[in-house]
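Visitor: This structure is in structure tokens; I'll ask about it shortly.
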Amino acid sequence: MLSQLPEILITIGWILLLIFITIALAVISLSIGINAVKGEHTEFGAVFITGLIAVFLAGVISFVFQLLLPGWALIGTLISLLVSMFVIMNRHETTFFGALGAILIYAIVFTIILIVLFLFTPSIVTWISTILNYDITQLIPSI
């Protein structure tokens with residue numbers, strides 16, 4: 001058990017790094033969306049807090065709808081979207097359609113970023129393995 005501890009810590013570290021990178025990309029994408037609709041307070045921290053609040057509230061609403069009213073999950077998703085728009089409207093001083101535009105631009109930019117990352121993932125993994133002089137593909141559990 002103790003001989004596996006370093007491998008477990010390395011795996012947890014990679015997972016935390018991937019979570020951090022995902023959050024950073026989401027915040028950058030949302031910031032681009034808010035800037036595009038002429039919203040205020042587009043600093044990284046302000047957008048991060050907005051995203052955190054919106055995701056937390058949307059997650060709670062979706063969870064409650066899925067748990068209590070399973071057939072109404074789509075309604076819960078729409079209410080979550082409206083709550084997220086309300087959070088963006090109030091925190092970044094935009095209109096209803098400005099918040100909708102920010103969310104749409106966020107979705108488009110985030111999708112483009114993910115597609116580009118997935119296209120270059122093999123070369124990135126090879127590059128990281130070369131720099132670390134360690135085959136990081138060994139950290140991926142085989143299925």
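Read the figures in this text as sums done on the coordinates, not as results from a lab. Owing to the predicted nature of the structure, the values given are computational and were not obtained by experimental measurement.
Visitor: ³J(HN,Hα) across region 74-87 via Karplus (A = 6.51, B = -1.76, C = 1.60, θ = phi - 60°), whole Hz, x for Gly/Pro?
Guide: Ordered by residue, 3J(HN,Hα) equals 5, 5, x, 5, 5, 5, 4, 5, 5, 5, 4, 5, 4, 4 Hz.
Visitor: Can you tell me, using C-alpha contacts under 8 Å and at least 6 residues apart, the relative contact order of region 22-135 as a whole percent?
Guide: Values: 108 pairs, mean separation 38.5, N = 114.
RCO, region 22-135: 34 percent.
Visitor: With no solvent and one point on each alpha carbon, what is the Debye value of log10 I(q)/I(0) for the chain at q = 0.13 Å⁻¹?
Guide: Taken in order of the listed q values, log10 I(q)/I(0) reads -0.75.
Visitor: At 222 nm, what helix-only mean residue ellipticity would the chain give, in deg cm²/dmol to the nearest 500, using -39500 (n - 2.57) for each DSSP H run of four or more?
Guide: Working: 4 runs with 114 residues, N = 143.
Helices in the chain give a 222 nm mean residue ellipticity of -28500 deg cm²/dmol.
Visitor: What are the residues whose amide H is under 5 Å from the amide H of His41, where those residues sit 5 or more places off or on another chain and H is modelled from the backbone?
Guide: So His41 has HN proximity to no qualifying residue.
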